[in-house]
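Data first, discussion second: the structure below is written as structure tokens.
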Amino acid sequence: MLGRTVASVELRGHRVSRRHVAGPQDLGDRLAGRRIDAVRRRGKYLWLDLGDSLGLLLHLGMSGQLLVEDAVAPDEKHLHARFRFADDGPELRFVDQRTFGGLALTDLDAHGIPTTIAHIAPDLLEPAFDRDAVVRRVKAKDSAIKRVLLDQTVASGIGNIYADEALWRARVHGERPAGALTKPRIAAVLDAAAEVMREALDQGGTSFDALYVNVNGASGYFDRSLAAYGQAGRPCPRCGTPIRRERFMNRSSFSCPRCQPRPRARLAQG
Ligand SMILES: [Zn+2]
């Protein structure tokens, strides 16, 4: 899509553009004629840089897909937005079964970051990611290291799966208080998370069902490389101990009982 000029945007229903107060017609009108200067991402947000400090922010929600398709391809059942380009080349389509995702115009700051996501910290793979500063911020937290990893205002892009994989690689139990870890240990956890994210990207991501696909509709296969997440009862790839599953923050956490011993119980929860 880079360098291509939007000819028109068809928005179906109000839900996909619900964050654009003036409505879908107005949003479509504002996008027509705009050139896509950059396609960027931070954490779970994507945006198109449209020049003049204007961006189109996209969030996939739980089930959203961005697909690049020939105009002759039949419409998807849950097609919510269609971008046609001035070059008559492939379309960009936003397809979302549950429609928690959506798109909205946003101003971009001097670094090209949407002002509406200024509270989202740089993610681990961004040049703006300041590892030492993030280590210090994590060290200052009293809560469990996994909770801190999932906190998108500390570092973005780490979800439940990659948090578990990073903690397994760094041999740290997710319930250990972040502030009780040494700085080198915290750095090791962050490095492991970045490594997991790079490897996952190389393999197209982790597709647990057919909804999680790339722009060509293909699934990723990092699920085959998972050491801990979803592996309850299977041997730890490092020591052979069966992986355990525990409840944490209303979700499941997976870890190795031997490589990642639980912290001793604390009297007060911080
Ligand atoms: Zn182990």
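Values computed for the structure shown
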read-out	value
Karplus-derived HN-Hα couplings along segment 243-251 (A = 6.51, B = -1.76, C = 1.60, θ = phi - 60°), whole Hz, x at Gly and Pro	5, 9, 10, 9, 7, 7, 6, 6, 9
Part-to-part distance (alpha-carbon centres) for segment 112-140 and segment 83-101, which is given in Å	29 Å
Relative contact order for segment 178-270, counting Cα pairs under 8 Å that sit 6 or more residues apart, in percent	14 percent
Rounded FRET efficiency, nearest 0.05, which uses the C-beta distance separating Ser225 from Lys77 and R0 of 30 Å	0.40
Whole-percent carbon and sulfur share, accessible surface of the chain, 1.4 Å	50 percent
Estimated distance in nm for a label pair at Arg262 and Phe100, the labels positioned 7 Å out from Cα along Cα-to-Cβ	2.9 nm
Normalised contact order of segment 78-232, rounded percent, pairs of Cα under 8 Å and 6 or more residues apart	16 percent
Backbone HN-Hα couplings from phi across segment 25-35 [Karplus 6.51/-1.76/1.60, Hz, Gly and Pro as x]	4, 5, 4, x, 4, 6, 7, 4, x, 7, 9
Per residue accessible area in Å² of segment 1-43, where ligands, DNA and RNA are left out and the probe is 1.4 Å	58 Å²
Percent breakdown of C-alpha pair distances by 5 Å bin, ordered from the shortest bin, for segment 140-232	3, 14, 24, 24, 17, 10, 6, 3, 1
Net charge of neighbours whose Cβ lies under 15 Å from the Cβ of Asp130, counting Lys and Arg as +1 and Asp and Glu as -1	+2
Additional length obtainable on full extension of the chain from Ser53 to Ala133, 0.36 nm per residue less Cα span	26.0 nm
Reachable lysines, given that their alpha-carbon falls under 20 Å from the alpha-carbon of Lys183 and they are not under 8 places away in the same chain	Lys139, Lys141, Lys146
Gyration tensor verdict on the chain (Cα atoms; rounded if a/c is under 1.5, prolate if a/b is larger than b/c, oblate otherwise)	prolate
Charge dipole (debye, nearest 20) of segment 115-270; +1 at Cβ of Lys and Arg, -1 at Cβ of Asp and Glu	960 debye
Neighbourhood charge, 13 Å Cβ-Cβ cut-off, centred on Arg238 and excluding it, Lys, Arg +1 and Asp, Glu -1	+3
Charge dipole (the chain, unit charges on Cβ, about Cα centre) - positive-most of Gly64, Gln25, Ala163	Ala163
Mean Cα-pair separation over length for the chain, i.e. relative contact order, pairs under 8 Å, 6 or more apart, %	15 percent
Cα gyration tensor shape for segment 1-106, rounded if a/c is under 1.5, else prolate or oblate	rounded
Charged-residue dipole, Cβ positions (Lys, Arg, Asp, Glu), the chain about Cα centre, Debye nearest 20	1780 debye
Local net charge near Ala73, Cβ-Cβ under 12 Å (Lys/Arg +1, Asp/Glu -1)	-3
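The values are calculated or read from the model by the stated rules, or taken from the named source; none is laboratory data. Since the model is a prediction, treat every value here as computed from it, not as a measurement. Quick reminder, even Gly has a Cβ in these numbers, built from the backbone with ideal geometry, and neighbours come from all protein chains shown. We work out accessible area using only protein heavy atoms, side chains counted, and drop any ligands, DNA or RNA first. Shrake-Rupley method; radii C 1.70, N 1.55, O 1.52, S 1.80 Å.
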